[in-house]
Amino acid sequence: GSERGPVDVYVSNNAGLEWELAGTCSNCGGIKTIAVDPYDPHIIWAATNSGARVSRDGGRTWSSNLISSPEVRYIYGIAINPANPAIILAASTENGMLRTENGGQTWAPANKGLNSRQLHTVRFSLGNPNIAYVATHDGVYRSSDAGQSWEYRSAGLEQVFVTPLAIHPENPDI
């Protein structure tokens, strides 16, 4: 997609052997991250150039930006809590972390402990859903309270500008 234009969303139901157009997010601009609800594969969240958006019909139709603050646009990362999909973290490249506990109806800043508001990838641990990590312009941070607060965890990194990150599925310390 373009900076503000439409983005086609494709799905595969056979391990990636074939892809089909699910739908188009008309005003998404670029999609940075997609997350699928662990309990309902028809609920798909997208971090986009124009906010956090959700499809509740497998990608056919998309909501408008669910974050009501007009200055929050660029969402780079989005993560769904694996034990409670109503808890979602949205990592903004301009405004820091945003968190919802009600499936996106309301969002609140969750920047306690973060030194940067320029965030990238955010992930919940599958092995411990209270643990989350976020990659930022100035390093990696870890949360032990499902994204409510953060601790700096970048000792040993030669470069602290981090974009990708992964968490071991069973051990959140790896």
*Neighbours by Cβ (under 7 Å, 6+ apart or cross-chain): first from segment 85-100, farther than 12 Å from GLN148 by Cβ; second among the charged types (D, E, K, R) and in a loop (DSSP other than H, G, I, E, B)*: PRO85/ASP37; ALA86/GLU101; GLU94/ARG117; ASN95/GLU71; ASN95/ARG117; GLY96/ARG117
*From (1) surrounded by fewer than 17 Cβ atoms within 10 Å (Cβ to Cβ); (2) over 22 Å from ARG53 (Cβ atoms), pick out the condition that doesn't hold for THR163.*
(2)
*Could you please find all residues in segment 1-21 being in a strand (DSSP E or B), more than 21 Å from ILE80 (Cα to Cα) and more than 18 Å from the chain's Cα centre (by Cα)?*
ASP8, GLU20, LEU21
*Between residues in segment 5-20 that are more than 18 Å from ALA46 (Cα to Cα) and residues that are open to solvent by less than 100 Å² (accessible area, probe 1.4 Å) and at pLDDT 90 or above, which pairs lie under 6 Å by C-beta distance while being six or more apart or on different chains?*
TRP19/SER12
_Positions within segment 106-124 being over 15 Å from the mean Cα position of the chain (by Cα) and open to solvent by 30 Å² or more (accessible area, probe 1.4 Å), in sequence order_ = THR106, LYS112, GLY113, ASN115
*Count - residues of segment 33-50 that are closer than 15 Å to ILE88 by Cβ and under 16 Å from the mean Cα position of the chain (by Cα)*: 12
*Confirm whether ASN102 is over 20 Å from VAL36 (Cα atoms) and either open to solvent by 10 Å² or more (accessible area, probe 1.4 Å) or of a type in the set (Asp, Glu) (or both).*
no
_Residue in segment 143-153 that is part of a loop (DSSP other than H, G, I, E, B), closer than 23 Å to GLU94 by Cβ, of a type in the set (Lys, Arg) and without any contact (Cβ under 8 Å) to a residue 60 or more places away in the chain present_ = yes
*Residue list for segment 110-121, restricted to those being closer than 12 Å to ALA90 by Cα, free of Cβ contacts under 8 Å to residues at least 60 places away in the same chain and not in a loop (DSSP other than H, G, I, E, B)*: LEU119, HIS120
*Unique residue being crowded, with 20+ Cβ neighbours inside 10 Å, farther than 23 Å from ASN49 by Cα and aliphatic (A, V, I, L, M) when the list is ALA155, ALA146, ALA132*: ALA146
*For GLY127, all conditions in the list (1) of a type outside the set (Lys, Arg); (2) crowded, with 19+ Cβ neighbours inside 10 Å; (3) modelled with pLDDT under 95 hold save one; what is the number of the exception?*
(2)
*Looking at (1) outside any loop (DSSP other than H, G, I, E, B); (2) open to solvent by 50 Å² or more (accessible area, probe 1.4 Å), which is the one condition that is false for ASN171?*
(1)
*Which residues, counting only those in segment 5-36, are within 13 Å of GLY58 (Cβ to Cβ), out of contact with any strand residue (DSSP E or B) (no Cβ under 7 Å at 6 or more places or on another chain) and open to solvent by 40 Å² or more (accessible area, probe 1.4 Å)?*
ASN13
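The values are calculated or read from the model by the stated rules, or taken from the named source; none is laboratory data. This is a predicted model, so every value here is computed, not measured. With ideal geometry, Cβ positions are generated from the backbone for all residues, glycine too; neighbour counts draw on all protein chains shown. Each accessible area value is taken on the protein alone, full model and side chains, heavy atoms only, with ligands, DNA and RNA left out. Shrake-Rupley method; radii C 1.70, N 1.55, O 1.52, S 1.80 Å.
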